[in-house]
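What follows is a set of notes on a single structure, which appears directly below.
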Amino acid sequence: MDPIANESAALMGRVAPEASALKHRSRTTEKELDKDIAEMFIRRLCQLLDTEDFFGRHASLSPQKKIERLFLASPEDKNKSDFNCAVSPKVRLQVPLLFQAVAGVIEEKSGVLVQSSSEINGEGFGRALLYSDRIILVLKSLRAGFPFPFTSEEKVIRYGVACVEEGLAFMDKFNEMTALYGTDGLEG
């Protein structure tokens with residue numbers, strides 16, 4: 001037997017008992033939301049929904065009602081899009097609005113200009129990209145429209161807050177690395 005195979009077998013014997021001692025973790029409780037980011041996200045999303053409401057028909061509604069009426073898909077719409085694998089116009093509206101709201105919150109929190117670009121085809125495949133200058137902060141692939149269409153406000157807020165936190169964390173890590181090594185060492 002090759003020496004490499006012997007080392008591999010020895011490592012497997014050593015790792016297996018350690019791995020069996022680890023317990024499988026299951027998420028029984030959801031991560032607590034950052035209330036400030038959630039409020040900022042709701043405000044940005046409602047501002048974007050107001051820009052789509054040309055005649056101000058929904059201006060008197062509360063933010064929760066605006067999101068429910070203008071942004072969320074009904075369960076019937078979700079079942080229909082799941083059944084025939086076609087993306088509804090409601091989903092095609094949800095994708096860019098959500099990521100524009102996320103970009104706005106990241107801008108507000110960091111003070112850096114953030115752009116959003118999103119696309120989704122008729123079958124629900126696409127991507128969303130949030131970037132600042134040459135830094136890609138958030139990159140999400142959409143497969144068969146997942147996680148869209150959203151049918152509950154809580155899921156929208158959780159997804160938006162998670163994207164904001166991901167973008168801010170990457171920006172902090174990037175700033176930390178460039179402070180140590182400069183930008184030349186990070187280009188690849």
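Once the mean of 1/r is taken over each pair of separate Cα atoms and inverted, the stretch 49-173 shows a Kirkwood hydrodynamic radius of 15.2 Å. Anisotropy class assigned to the stretch 92-154 is oblate, per the alpha carbon gyration tensor with a/c at or over the 1.5 cut-off and a/b no larger than b/c. ALA59 sits among other residues whose Cβ lies under 13 Å from its own Cβ, and their net charge, with Lys and Arg +1 and Asp and Glu -1, is +1. Each other residue within a Cβ distance under 15 Å of SER141 adds +1 if Lys or Arg and -1 if Asp or Glu, for a net charge of 0.
Bear in mind that the values in this text are calculations on the coordinates, not laboratory data. Computed from a prediction, not measured in an experiment: that's the story for all the values here. Glycine gets a Cβ as well: all are built from the backbone with ideal geometry, and neighbour counts include every protein chain shown.
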